[in-house]
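For reference, the structure is listed below as structure tokens.
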Amino acid sequence: MRTTRLLLRSGLTLAAAAALPTWLAGPSAALSGISVSTIGSTVSVVTSACTQSNGSWGNASLLNSGQTAFAQGRQVALAGTTVSQSAAWSGVSPGTYTVVVVCSNGGTAGTQSVIVSSAPAAPTTSSTANSTVNSAAKPAVPAPARGVMGGLGGAARDYGPLTLGIGAALVGSGVIATGWYLRKRSKPYRL
């Protein structure tokens, strides 16, 4: 009987701990539902938030730092399937851009910033003729293709409120279990 009550009590506590982060994550549902990546001077976006309406999935727009409205950017129609829709822009010059995806029903699937860096220069070698140390030429390490994205610890991908809620629930249940264990250990042993 005591074990049943203990299991029921810990189960309710665990359920409450699991529901709390999901409830707190509710407002973050407006976070980006898109994934943006760059390879060289090509920017691409992928989403699964849009549904097809009148033969169209929607449009994506690439806005530079001086543009603020969707219509001002370079627009591309989304292509894809019910599982995933995508768009891409080629020949994008270096800089910081904002990608906005608007579905065919008029809703915004997401907005995300991206940094396009210039193509890394060819590796260079250098040596000194008068050096007494072995001066074998070493190629320079090319710069990374993408800059550091600000936000959640430099994360470039948004995992959504469900994933963050599950992670928070696991952390919360660990904290609760640790507290319960320490509480039980602090009591004197009774028969």
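The values are calculated or read from the model by the stated rules, or taken from the named source; none is laboratory data. As the structure is a prediction and not an experimental result, all values here were calculated from the model. Cβ atoms come from the backbone with ideal geometry, glycine included; neighbour counts cover every protein chain shown. Please note that ligands, DNA and RNA were not included when accessible areas were found on the heavy atoms of the full protein model with its side chains. Shrake-Rupley method; radii C 1.70, N 1.55, O 1.52, S 1.80 Å.
Contact annotation: residue pairs with Cβ atoms under 8 Å, 6 or more positions apart or on different chains, pairing a residue in region 75-102 that is at positive phi with a partner that is open to solvent by less than 60 Å² (accessible area, probe 1.4 Å) and not in a strand (DSSP E or B), are 80/57; 91/41. Of the residues making up region 94-105, those that are aliphatic (A, V, I, L, M) and open to solvent by 20 Å² or more (accessible area, probe 1.4 Å) are 100, 102. Taken together, the residues in region 53-93 that are surrounded by 12 or more Cβ atoms within 10 Å (Cβ to Cβ), within 23 Å of the chain's Cα centre (by Cα) and part of a loop (DSSP other than H, G, I, E, B) amount to 5.
Cβ-Cβ contacts under 7 Å between residues 6 or more apart (or on different chains), taken from a first residue in region 161-185 that is at pLDDT 95 or above to a second residue that is outside any helix (DSSP H, G or I), are absent. For region 13-34, the criterion of being at pLDDT 90 or above, open to solvent by 40 Å² or more (accessible area, probe 1.4 Å) and of a type outside the set (D, E, K, R) is met by none of the residues.
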